[in-house]
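Working notes for the structure below.
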Amino acid sequence: SRLGYDPASSGLLTNTSSLSPREIHPAAAGLHFFNPVHALRFAEFAAPPGTRTLGMEDLVHRLDGLGFALIETECNRGYIGNYILFREIAAALQLIDRHHYTSRAIDEVLKHMGRPVSLFEIIDLVGVDVTLRIIQNLRGEDPSIYLSPLLQRALSEGILGRKNQTS
């Protein structure tokens, strides 16, 4: 509502995935990259009918030329990647809260199941504050997603993760 132009005529592309592009603006499309971008060379593209512009089509073409895979998704919160990833993170935190597992035990099992990167390293990289917000946003669409009090406690203690050297 505070943009200096009309997104319906010019287009609006958002990188957030924990909210639907439609929640950002009815004319918004979503282009969600994963970090680190240089290593994870794919993005999710959510462009409902009527939201694609020539500029977006040009960007999609250029990304393809740079070796990025573009996966078309729906406009659900989290699209595919964050919906699955942050459900996994929430489930791991639930195991800690309810069954008193350690992050090391969870990582060890997941490593043997083929997950090369620790879910807890992902929290550290993304940030505790951002992880909390993503899980809260996903719960807005799916209340079955667990919200661990550990995240709020970490924030209360000033622990945000690697991004501010407080992991």
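The values are calculated or read from the model by the stated rules, or taken from the named source; none is laboratory data. Every value quoted in this text rests on a predicted model; they were computed, and no experiment measured them. Methodologically, a virtual Cβ is constructed for each residue, glycine included, from the backbone with ideal geometry; neighbour enumeration extends over all protein chains shown. In case anyone asks, the SASA skips ligands and DNA or RNA and just uses the protein heavy atoms, side chains included. Shrake-Rupley method; radii C 1.70, N 1.55, O 1.52, S 1.80 Å.
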Note: Ser156 to Phe42 extended length (0.36 nm per residue) minus current alpha-carbon separation gives 37.6 nm
Dividing the alpha-carbon radius of gyration of region 14-56 by 2.2 N^0.38 Å, where N counts its residues, gives 1.20
Taking Cα atoms only, helix 81-99 is inclined relative to the longest principal axis of the chain by an angle, in degrees rounded to 10, of 20
Candidates Ala91, Ala28, Ala39; GNM for the chain (alpha-carbon contacts under 10 Å) flags as most fluctuating Ala39
When all Cα-Cα pair distances of region 67-120 are considered, the percent exceeding 12 Å is 70
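For region 24-167, how big is the tail of P(r) above 19 Å, as a whole percent of Cα pairs? Kindly include the intermediate steps, with their values, before the conclusion.
Details: 6102 of 10296 pairs.
For region 24-167, the share of Cα pairs beyond 19 Å comes to 59 percent.
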Taking a probe of 1.4 Å and leaving out DNA, RNA and ligands, the chain shows per residue an accessible area in Å² of 58
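Roughly how big is the chain's charge dipole about its Cα centre, with Cβ charges of +1 (Lys, Arg) and -1 (Asp, Glu), in debye to the nearest 20? Mind showing how you got there, number by number?
On the way: 16 positive and 18 negative charges, 61 e Å.
Dipole size: approximately 300 debye.
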Expected field for Glu72, accessible surface area in Å² at 1.4 Å probe radius, rounded to 10, holds 120
Applied in sequence order to region 65-75, the curve 6.51 cos²θ - 1.76 cosθ + 1.60 (Karplus, θ = phi - 60°) yields integer Hz couplings, x standing for Gly and Pro, of x, 8, x, 8, 8, 10, 10, 6, 10, 7, 9
Simple SL model, points at 7 angstrom along Cα→Cβ for Leu70 and Asp58; separation in nm is 1.3
Checked against the positive end of the charge dipole of region 1-136 (+1 on Cβ of Lys and Arg, -1 on Cβ of Asp and Glu, about the Cα centre), the farthest of Gly11, Ala28, Ala69 is Ala28
Computed over region 16-99, the distribution of all Cα-Cα distances in 5 Å bins, rounded to whole %, is 3, 14, 21, 21, 18, 11, 6, 4, 2, 1, 0
Dividing the mean separation of Cα pairs under 8 Å (6+ apart) by the residue count of region 84-137 yields a relative contact order in percent of 40
